[in-house]
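Below is one structure, written out as C-alpha cells; comments come after it.
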Amino acid sequence: MRHILECHEILKTDFTRARNCSVFDSEGRRYIDLESGTWCTALGHGHPRINRAIRRQLRLIAHTGYRYPTAMVEDAARAVLDILGMADGRCVFLCSGSEAVEFCVQAARRITGRPLSLTFKSSFLGSFGSGGAKSADEWHLLDWNACADPDECLRGVPFDRIGTFVFEPGGSGIGGLQFPPAVLVESIAARVKEAGGIVVANEVTTGMGRTGRWFGFQHYGVRPDIAALGKGLGNGYPVSAAAMTREAAEMLEATGLRYVQSHQNDPLGCATAREVIAVFKEGGWVERGAAIGAHFLDGLKEVKERYSLVKEARGRGMLLGLELRPPLRAARVFRGLLDRGFIANYYDSFNMLRFDPPLTIGRRDVERLMGCLDGLLRDAHGG
Ligand SMILES: Cc1ncc(COP(=O)(O)O)c(C=O)c1O
C-alpha cells in the first residue's frame, strides 16, 4: 500500500468482500462489522435488493449532469421528504454528509440573511467549510453540558442576531454519545424561530433509524425547516441529501441561489437512496433496529455491572458505547476486538468504545461480542 496517502490510521488492507454484518479478509476470515463501515451500511453490506436497484439504474443511466434531473431523482426526493414529514418540500441530492451539512448551513444563512448560527460545542458538522473550522463571527457555540438551567444558560445568547440553530442530535464522535436535554433543545429552537430564524437538523449520523427512530430530531419536540442526510441514506453508496420544507425552499429559491457540482442529483445515487428507503419501510428496520439496539445496550450494561474498569454503558438505538476507566484504554480493547474478529470503533478523548452496527445485526453476533468483551475485560482485570 505504498500509494495510499496516510491521512488517517490504516489497520488492515486485505478485506475482500462483505455480506450483511460479515466482512471477510483475503484468507476467508470473518469479521463482525460493528461500525457499519463509517456508520453507513445501516442495512448491512451488499443488500441484494439495493444491489439490484443499482445494477438496474447502471444499465439505464448513471449520470446526467445537473441540468437534467430525471424522474428517478423526483421519486427519490419524494421518498426522502416523506420520511422527514416534509411531503411538499424540496430536496437536492449531493455526495457526502459534509457537503449536505455545508449546503444546509449556507442555505439557511441565505434565507435568514444572518451569518451567525448557533450550535452545540459537541456538534460535528462535517469535514470542511463553515462547519469544519467554526469561526466566532459565524458560530455561537453553546456547551450544553455546562447548562444546569436552560433559562440561565440562554441568557446572553444573541438570538436577535442568530439566523440558524444547527441541531446535531448527539450522533458525533466529538460529542461522546451524550444527548442534549430536550428542554434546552426545544427552548433554543423556539427562541430562534421567534426571532425569525430557522432550524437545521444535521441527521447525517442520527438519521435512517440509527437512534431507534427515523431521525434523531424525533426524540425532541422540534420540527426542522431544513435537514441534512447522508451515510445510511446510501447504505455505503456515496449519496447525501439536503431537504427542506416548501416554505424554506421557496425562500431559498427567491434568493437566486445557484449551486452546482458534478454529481448533484445523479440518477444512480437517487436510485440507491430510493431503494434504501423502500427496504427500510417494507422491512420495518427502524423498529427492528430499535429492538436489537435495546438488546445490545442491555448486554453492554451487564458487562458494565461485572467489571469496575467499565465506567458506563450508554447509547440511543444503535448508537452505542462503553466508556472505560483508566488505566484501561479503549484503544487497547478495540485492538483486542479486532484481533478476535470484531470491527468496533473507539474515541481516545472519552476513553470510549463505540458500536454502530448495521440495524440488521443478529442476536447471535451481539452475544458473540459480549462474550469476547467479557474475556478481554477479565484479562484486563488480571484474570
Ligand atoms: C454528525 C455528523 N455530521 C456530518 C458528518 C460528515 O459526513 P461525511 O463523512 O459523509 O462527510 C459526520 C461524519 O461522521 C457526522 O458524524
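All of the numbers you see were taken from the coordinates with simple rules; none came from a lab. In this text the structure is predicted, and so the values were computed from the model without any measurement. Cβ: placed from backbone, ideal geometry, glycine included. Neighbour counts: every protein chain shown.
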Please report the relative contact order for the stretch 235-382, taking Cα pairs under 8 Å with a sequence separation of at least 6, and give it as a percent rounded to a whole number.
19 percent
When Val200, Val73, Val101 are arranged by how many other beta-carbons sit within 10 Å of their Cβ, fewest first, they go Val73, Val200, Val101
Mean Cα-pair separation over length for the chain, i.e. relative contact order, pairs under 8 Å, 6 or more apart, %:
23 percent
Name the most mobile residue of Gly28, Gly44, Gly284, meaning the one with the largest mean-square fluctuation, in a Gaussian network model of the chain with Cα contacts below 10 Å.
Gly28
A correct Karplus calculation of ³J(HN,Hα) over the stretch 276-290, with 6.51 cos²θ - 1.76 cosθ + 1.60, θ = phi - 60°, whole Hz and x for Gly and Pro, returns 4, 5, 5, 5, 3, 5, 5, x, x, 6, 5, 5, 5, x, 5
Can you give me the C-alpha center-to-center distance between the stretch 327-366 and the stretch 231-305, rounded to a whole angstrom?
24 Å
The stretch 46-154, relative contact order in percent, only Cα pairs under 8 angstrom and at least six apart counted:
17 percent
With eigenvalues of the C-alpha gyration tensor scaled by 5 and rooted, the chain, Å
34, 28, 18
Distance between modelled label sites at Leu257 and Gln178, nm, 7 Å Cα→Cβ extension:
3.3 nm
Under the rule that a partner needs its Cβ under 4.7 Å from the first Cβ, which Cys of the chain have none?
Cys7, Cys21, Cys40, Cys91, Cys95, Cys104, Cys270, Cys372
Rank these for me by crowding, Leu229, Leu257, Leu373, Leu154, going from fewest to most other beta carbons within 10 Å.
Leu257, Leu154, Leu373, Leu229
Under the 7 Å Cα-to-Cβ spin-label approximation, Tyr68 and Arg49 lie apart by a distance in nanometres of 3.0 nm
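Set the bar at 27 Å for Cα to Cα. Now go through Lys12/Lys281; Lys281/Lys301; Lys12/Lys231; Lys12/Lys134; Lys134/Lys231; Lys134/Lys304 and name every pair that lies beyond it.
Working: Lys12/Lys281 35 Å; Lys281/Lys301 30 Å; Lys12/Lys231 22 Å; Lys12/Lys134 33 Å; Lys134/Lys231 22 Å; Lys134/Lys304 36 Å.
Checking Cα-Cα distances, Lys12/Lys281; Lys281/Lys301; Lys12/Lys134; Lys134/Lys304 exceed 27 Å.
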Which parts of the stretch 347-374 would a label at Glu305 reach, counting a residue when its backbone N lies under 16 Å from a point 7 Å out along Cα-to-Cβ?
370-371, 374
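In what sequence do Thr112, Thr255 fall when counting other Cβ within 10 Å, fewest first?
Details: Thr112 20, Thr255 12.
Result, fewest neighbours first: Thr255, Thr112.
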Averaging over all projection directions, find the projected area of the Cα convex hull of the stretch 237-363 and quote it in nm² with one decimal place.
11.7 nm²
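Calculate, in whole percent, how much of the Cα-Cα pair population of the stretch 1-141 lies beyond 24 Å.
When every Cα pair of the stretch 1-141 is considered, 56 percent fall beyond 24 Å.
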